[in-house]
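The values are calculated or read from the model by the stated rules, or taken from the named source; none is laboratory data. Please read all numbers here as calculations on a predicted model, not as lab measurements. FYI the Cβ positions are ideal-geometry reconstructions off the backbone, even for glycines, and counts take in every protein chain you see.
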């Protein structure tokens, strides 16, 4: 059993807790959230009958919290400030970290990389298995057919601002100009869709990922967490996890 | 039986001839092509056993050709110059015209509209049934759900220059800014695809047209030709044909 | 303002309430639910600040309820038993009914049809605008191209049993054998998708509807409710509503 | 430069010749076809200006042909009888074979396997790069997410009989019951499409291959031919080629 602590209990964080609770290989020790809750345990708040994931609020966290309440691995779905406040204590207590925060400053990234020399950190803003599988599979296909035309199409709900960060990551991995080869569709009724189109003179190959809810993040974080348990140090991303899976299963 | 003359025997023109020959309601009287052919009849060139579609080259056409070789309707898949050379004689001989030329100047369009007061002309650069059905169906849907987000996606082979004219026509019919709402994908392995996406807060409707060869043009021209036979005068487009079909069948 | 009563406050019913509350043309008078709630008003339960949609539980309903608490129109998302218990009183109180119940017995359908001679009833198991638009648009396209090959593809979450009722309705409207022409895909990660493919010799037209949450039902019910306000008697379905919209907007 | 002989000059065979002629790494030595041609060279028949791919008809082939006109590799797009007539002589002359014949009897397969101990043979009924990439990528994904629901959808032109052999091959590679998990769509206007859908609880991944003409076969055969040049003996399929590419590029 791998013991897990979770930082963040927003819409995604709570969905991740739910996935961790349901996974027979994991035990949820605690959940660190912004404010106090009327429940003692995340499990109860999520409608489970067992007690797991004891709630702590920010004000209850002192210097010793992460060593006193030591877990094997912390999953962070809160925001970028948690890195400043908690990561050094977490890593120094001998705990690994999976972070799915949307954005870190370059200074923070350097800080994380330094910490990861002591204990491993896996960081991926889009941590779904599907998207990262798409990236690795696309990179291999591009090497097999280097002359293919490649276009990325991403569809999201109307309110999403700017080009999808995931689409830009795909483009970067394929050495495509993000201004030229990403096509962004914004309409109501779409949760999130990424498509990579490979065009050859007489055939096309399309890789399409669609997610319908946040549970996809939780499952991705769990896949990453289990994989990270075999590492002692190092700074990784979900592409590393998937590349490793490709290597294992080919 | 409707007697047909065809102008143009390029890749699309010859495909149109083939469709006309196969249609039991039509008889192909003659085909006007640029150069002499080794065959007397288009039907023979296309591998049919019967004699139909007698070939004439440009140099054989004099002022009286269209009255001497009078047909009910001329289908034009050649180029914009045919309008200057032949249309007045055709219309004045009492023959109707279906034109699928890609582009006319504004002067030519005025000229065609004037001629159409004598005998009807149907003009559509993209004359496939599918695309024009898409336009009419999309216009109705937009009126039912005026707040929907609408995006157009068009995919074509890599070499196609600029935004698809058909996509621009769809955008114009839906009052969408062509610079904002058309997404153009250019990759090998795609013949031609147009998609209109309607996004509502919790559902999407997609209308997708794909063509795989030029026969789609021939069948569209025939549908238009048969419809035009019931008209005495007027300047029409394929959207008019399809709107009329919608009215008939709703 | 149209005054609305809603029967049923399950997952779909509560989503419908939410849509009715947000619609400026409608006022939600009451909501009839199975059990008592800790809230007095549906609006409060749904997080709105205003008071609308007073909750009543089944035990509070007597013979006079629907005349004492008269509304213009009742929307029913509960279950088939509500028809037996309430519809006669509703109709006789001079109120119209929109029902989105999944299934009625043939006896119940006869009963509804009889009632609808006094006041109009609109009944559709799948009441989304999108699906019903698809049906009407497909019927017209089939009449325009009677020789097209038509196939229906429906994708739903793994647990859905049997062929989608909506797909069968589409097949019936297009006179297609449901055993031959419906292709059912059951996989995780899909909410609900219906696709009608029209294949012609050199082109295809696809109509695709996807919904991502239950709000699509509420919006469909509202569209139907507003339309039904112009009727005095009669038994209608959402296809009738959409056909009428097509007639208006073509 | 790899010297190539081609057996078969039907619609697919001639497309393959064209691809071989255009490839700078290959030289087309001869083409074996059923009947005499009015042209001396396949290149001329295909509109190229150079002389390559000298035509031979079946009656011109004697026991010594393949050693007298020795090439590095023979590509066979004819029919299953060529294996009986020619393969032994080809292999014994020290030449490798790529065969894309649709079907061999089990006896023939045994015969080919025996021959391949002398010189390597690559045999794949569907030899496109795209489909075989799909198979290998799908197999890896299935191992990463063993609990995913997997469905195969194949779309082909109306006249295609039975379930697509390629779809059955995909199903076999993924250990799926071909009667349960293949969905076959037959409509006009579709050339050929294979889709593998992976459904997870909150996301889907789709791999889609579409081909628009036979050149896809030629390019696949060439990819296989180049790969086979590095082998001395053995019986291979295109999946082996692609698996090897995955291993190289991961």
Residues of the range B:41-75 being in a strand (DSSP E or B) and either under 24 Å from residue B:91 (Cα atoms) or outside the structural domain of residue B:25 (by TED's automatic domain parsing) (or both), which ones?
B:54, B:55, B:56, B:57, B:73, B:74, B:75
Just give me the residues in the range A:111-159 being over 19 Å from the mean Cα position of the chain (by Cα), outside any helix (DSSP H, G or I) and more than 11 Å from chain B (Cβ to nearest Cβ), in sequence order.
A:117, A:118, A:146
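Condition (residue is under 21 Å from residue B:228 (Cβ atoms) and modelled with pLDDT of 95 or more) applied to the range B:33-48: is it met by at least one residue? Spell out the reasoning first.
Applying the first criterion (under 21 Å from residue B:228 (Cβ atoms)) to the range B:33-48 yields none.
No, that holds for no residue.
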Which numbered condition residue D:199 misses (of (1) touching a strand residue (DSSP E or B) at 6+ places or on another chain (Cβ under 9 Å); (2) buried (at least 21 other Cβ atoms within 10 Å of the Cβ); (3) closer than 21 Å to residue A:140 by Cα)
(3)
For residue B:236, only one of the following conditions fails: (1) more than 30 Å from residue C:227 (Cα to Cα); (2) at pLDDT 95 or above; (3) touching a helix residue (DSSP H, G or I) at 6+ places or on another chain (Cβ under 6 Å). What is its number?
(3)
Please state which one of B:107, B:165, B:94 is touching a residue at least 40 places away in the same chain (Cβ under 8 Å) and more than 14 Å from chain A (Cβ to nearest Cβ).
B:165
For the condition under 22 Å from residue A:212 (Cβ atoms) and within 22 Å of the chain's Cα centre (by Cα), what is the one hit in C:165, C:224?
C:165
Can you pull out every residue in the range A:99-121 that is touching a strand residue (DSSP E or B) at 6+ places or on another chain (Cβ under 9 Å) and under 23 Å from residue A:192 (Cα atoms)?
A:99, A:100, A:101, A:104
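To keep it simple, each residue is scored yes or no on (1) within 14 Å of chain A (Cβ to nearest Cβ); (2) in contact (Cβ under 8 Å) with a residue 60 or more places away in the chain; (3) farther than 18 Å from residue B:154 by Cβ.
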position: B:170; (1), (2), (3): no, no, no
position: B:176; (1), (2), (3): yes, no, no
position: B:197; (1), (2), (3): yes, no, no
position: B:204; (1), (2), (3): yes, no, no
position: B:218; (1), (2), (3): no, yes, yes
position: B:230; (1), (2), (3): no, no, yes
position: B:235; (1), (2), (3): no, yes, yes
Count of residues meeting criterion [over 24 Å from the mean Cα position of the chain (by Cα) and either under 19 Å from residue D:199 (Cβ atoms) or within 12 Å of chain B (Cβ to nearest Cβ) (or both)] in the range A:179-188
4
Can you spot a residue in the range C:6-15 that is part of a strand (DSSP E or B) and farther than 21 Å from residue C:81 by Cα?
no
Of the numbered conditions (1) more than 10 Å from chain B (Cβ to nearest Cβ); (2) modelled with pLDDT of 95 or more, residue A:212 fails exactly one; give the number of that condition.
(2)
Restricting to the range D:151-166, count the residues that are crowded, with 19+ Cβ neighbours inside 10 Å, in contact with a helix residue (DSSP H, G or I) (Cβ under 8 Å, 6 or more places away or on another chain) and within 21 Å of residue D:127 (Cβ to Cβ).
3
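Kindly evaluate residue B:78 against the criterion of being under 15 Å from the mean Cα position of the chain (by Cα), closer than 22 Å to residue B:174 by Cβ, part of a loop (DSSP other than H, G, I, E, B) and outside the structural domain of residue B:204 (by TED's automatic domain parsing). Give the derivation first.
Values: under 15 Å from the mean Cα position of the chain (by Cα): yes; closer than 22 Å to residue B:174 by Cβ: no; part of a loop (DSSP other than H, G, I, E, B): yes; outside the structural domain of residue B:204 (by TED's automatic domain parsing): yes.
Spelling it out, it is not the case that residue B:78 is under 15 Å from the mean Cα position of the chain (by Cα), closer than 22 Å to residue B:174 by Cβ, part of a loop (DSSP other than H, G, I, E, B) and outside the structural domain of residue B:204 (by TED's automatic domain parsing).
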If I ask for residues that are over 21 Å from residue C:73 (Cα atoms) and without any contact (Cβ under 8 Å) to a residue 12 or more places away in the chain, which ones from the range C:23-42 would you list?
C:38
With respect to residue A:52, determine if the residue is closer than 19 Å to residue A:3 by Cα, at pLDDT 95 or above, surrounded by fewer than 23 Cβ atoms within 10 Å (Cβ to Cβ) and in contact with a helix residue (DSSP H, G or I) (Cβ under 7 Å, 6 or more places away or on another chain).
yes
